[in-house]
Amino acid sequence: MTPWMLIPAHVRRSPLRSFLTVGSVAIAIFLFCLLRTVVTGIEATVSKTSSTRVITSSAVSLFVNLPVSMWDKIRAVDGVRAVTHWTWFGGVYVDPKEFFARFSVDPPSFREVYGDRHPGGAIYLLAEEEWTAFERERTACIAGADIAEKYGWKVGDRIPMQGTIYPGDYEFTLRGIYRTSNASFDQQTLFFHWKYLDEMQGGIGSVSTFTSDLESPELAPLVAGSVDSQFSSSANRCITLTEQAFQAQFVAMWGNYTLFLSFIGGAVLVAAFMVTLNTLLLNARERVTEVGVLKTLGFPDASIGLLNLAEGVALCGLGGLCGVGFSLAVEPALFSVLKAFVPTFSILPETSAAALCIATALGLLSGAIPGVMAARIPVVRALRRVG
């Protein structure tokens, strides 16, 4: 038999101490959910890429351009259904602090690979008339729904841009606002005509990367080998990777983010454990006489220990629930801040479940030590203690 009714009384005895303990666990669990979701979001961004697309970039560096003349040779490789290209533009809109991705593309081929002309369905969703307007007008552009909402852009608006990598004053006309069907692709990018960029720069004739859409995912190794071998002896050596491998390579530029974020999360959880353990040890010390009375009344040592253990689980469990609840409540706000870096940011059910398990484990660990101490204290010694 265990006097469970004493747990609420113990919590109310030192309300400030109990509140701070629950709060420390809640903060630790909230940070765990946030950091873990960043990791799972990045992993999802990589894993949800297409297996029928391969990306060709310079073998020297991602920041070295390739001649656009490679386009026809890549398109002629067996197994390639369509080819398009992307060129990182950079540039400044209003203020250098207002950052979002800007790429120049070839609209017709971009539509074949990512738009409604792809047999497997569109990634970038636009109305037919928006695609047509984007293709026909040299200074036309399309933008993601999120970035359009941020700046209040509407179809037909003029968007001035100052070039940085490619100097000059550019002005685009917004002809479409897209949404994406795949969470790995964000809605915060602006696309415009590569030919407009090429003309403004006097014929640069180069692009950042080529994307090839394949007839079958099984052809990826053969196509990659064929493309790379064509240019292996030229001044434009290239490397062709699946879209997933390319994304993983890009993410790898951040370093070992998993280890870094895990280290931060682990440090926070250890700190929460120390706070909880200290609280329960103080509580146990203040209740030595109470333990003596309970043992005199016939409560066994196991019940005394279990009472302290249950108190630890109750405090940490409540903190865990508060932490998970708060993280779910602020998830939309966190997504609006982090979606530019983690388009798939979403707190998964398994993350919430893991957080609650960790909170319970913290309660068990921090409650076990004072529980054992209370169970082992002799009755005579406990009754001699006053206060």
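Taken together, the values in this text are just the output of simple stated rules run on the coordinates, not laboratory data. It should be emphasised that the depicted structure is a prediction, and the values quoted were computed from it without experimental measurement. For neighbour counting, all protein chains shown are included, and Cβ atoms are generated from backbone atoms with ideal geometry for every residue, glycine included.
Could you derive backbone 3J(HN,Hα) for the range 355-362 from the dihedral phi with the Karplus parameters 6.51, -1.76 and 1.60 (θ = phi - 60°), listing whole Hz in sequence and x where the residue is Gly or Pro?
Result, rounded to whole Hz: 5, 5, 5, 5, 4, 5, 5, 4.
In whole Hz, with x marking every Gly and Pro, tabulate ³J(HN,Hα) for the range 318-334 from phi via Karplus 6.51 cos²θ - 1.76 cosθ + 1.60, θ = phi - 60°.
With the stated coefficients, the range 318-334 comes to 5, x, x, 4, 5, x, 5, x, 5, 5, 5, 5, 9, 3, x, 5, 5 Hz.
Hey, quick one: spin label on residue 171, modelled 7 Å out along Cα-Cβ, who in the range 182-204 has an amide N within reach, i.e. under 18 Å?
Counting only backbone N, you get 192-193, 196-197, 199-201.
To the nearest 0.05, how large is the calculated FRET efficiency for residue 303 and residue 150 if R₀ is 56 Å and r is the Cβ-Cβ distance?
The pair residue 303/residue 150 has a calculated efficiency of 0.40.
At a Förster distance of 22 Å, what's the computed FRET efficiency of residue 129 paired with residue 157, Cβ-Cβ distance as r, to 0.05?
0.85
What residues qualify as long-range amide H neighbours of residue 101, i.e. H under 5 Å apart, gap of 5 or more or another chain, H built at 1.01 Å from N?
190
Check each of the chymotrypsin sites (Phe, Trp or Tyr not before Pro) in the range 325-363 and keep only those in coil by DSSP with at most 16 other C-beta atoms within 10 angstrom; list them in order.
Loop-located and lightly packed - 341.
Please compute the modelled spin-label separation between residue 262 and residue 218, points set 7 Å along Cα→Cβ, answer in nm with one decimal.
3.6
On a full-extension model of 0.36 nm per residue, what is the gain between residue 20 and residue 234, subtracting their alpha-carbon distance, rounded to one decimal in nm?
Gain on stretching residue 20 to residue 234: 70.4 nm.
Tell me which residues come under 5 Å, amide H to amide H, from residue 207 once H is placed; ignore anything under 5 positions away on its chain.
Residues meeting the criterion, in which the H sits 1.01 Å from N, are 66, 68.
Once the convex hull of the C-alpha atoms of the range 60-236 is built, how many Å³ does it hold per residue, rounded to a whole number?
With only Cα atoms used, the range 60-236 gives 125 Å³ per residue.
Provide 118, 85 in ascending order of the number of other Cβ atoms located within 10 Å of each residue's Cβ, fewest first.
Starting with the residue having the fewest Cβ neighbours, the order is 118, 85.
Mean shadow of the range 13-71, computed from the convex hull of its alpha carbons, in nm²?
Convex hull of Cα atoms, orientation-averaged projection: 7.2 nm².
Output wanted: per-residue J couplings in Hz (rounded whole) for the range 266-278, from phi through Karplus 6.51 cos²θ - 1.76 cosθ + 1.60, θ = phi - 60°, x for Gly and Pro.
The phi angles translate into x, 4, 5, 5, 5, 4, 5, 4, 5, 5, 5, 4, 4 Hz.
Could you put 276, 258, 52 in order, starting from the residue whose Cβ has the fewest other Cβ atoms within 10 Å?
258, 52, 276
Amide H neighbours of residue 180 under 5 Å, counting only residues 5+ apart in sequence or on other chains, H built in-plane at 1.01 Å?
Residues meeting the amide H criterion: 125.
If the label point is 7 Å along Cα→Cβ of residue 61, which residues in the range 153-167 have backbone nitrogen under 16 Å from it?
Residues passing the 16 Å test: 165-166.
Between the alpha-carbon centers of the range 149-163 and the range 171-197, tell me the distance in whole angstrom.
Between the Cα centre of the range 149-163 and that of the range 171-197, the gap is 11 Å.
Could you calculate the contour length gain from residue 98 to residue 76, that is, 0.36 nm times the residue separation minus the distance between their Cα atoms, to one decimal place in nm?
3.9 nm
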